[in-house]
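Inspection log for the structure reproduced underneath, given as structure tokens.
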Amino acid sequence: MPLYEYRCKSCKHRFEKIQKFSDDPIRVCPQCGEEAVEQMVSAPAIQFKGSGWYVTDYARKGSAYDSSAKGAKDSSPAPTAPSVPATTPSPSVTAESK
């Protein structure tokens, strides 16, 4: 259910109320009792209920989390390519030397 923010025009009291979409907006201020309450435009709020949310919830195999977690656990250095001895090029025979 959405969280709506209201403000009283007469006493400037600001308050929030969790309401259904189908509920009528609040008209009477809970502090002063005047019918001068207006609904404010604010960022949407989300309420998560339950035991908690974790990075690994609903993860699929091969996801970005799986690959980053494996990389973090493996602290050994990456294998390097075997070194190849440098060879000097053999002198080429040119037409002038013949």
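Electrostatic bookkeeping for Asp23 treats Lys and Arg as +1 and Asp and Glu as -1; over the other residues with beta carbon under 15 Å from its beta carbon, the sum is 0. Taking a Cβ cut-off of under 14 Å around Arg7, the surrounding Lys, Arg, Asp and Glu residues balance to a net charge of 0, with basic ones at +1 and acidic ones at -1. Distances between placed amide hydrogens fall under 5 Å for Val37 paired with Lys9, Cys29, all partners being 5 or more residues away or on another chain. Scanning residues 5 or more positions from Leu3 or on other chains, those with amide H under 5 Å from its amide H are Ala45, with H placed 1.01 Å from N in the peptide plane.
A simple rule links phi to the HN-Hα coupling: the Karplus curve 6.51 cos²θ - 1.76 cosθ + 1.60 with θ = phi - 60°, which for region 22-33 gives 7, 5, 6, x, 6, 10, 9, 6, x, 8, 9, x Hz, with x for Gly and Pro.
The local environment of Glu34, defined by Cβ-Cβ distances under 13 Å, has a net charge of +2 under the rule Lys, Arg +1 and Asp, Glu -1.
Using θ = phi - 60° in the Karplus curve 6.51 cos²θ - 1.76 cosθ + 1.60, the 3J(HN,Hα) couplings for region 4-17 round to 9, 10, 10, 9, 7, 6, 8, 9, 6, 6, 10, 8, 10, 8 Hz; x is entered for Gly and Pro.
Just so you know, all these numbers are worked out from the coordinates, no wet-lab data involved. Fair warning: this is a prediction, and the values are worked out from it, not measured in the lab. Cβ sites come from the backbone with ideal geometry, for glycine too, and all protein chains shown count toward neighbours.
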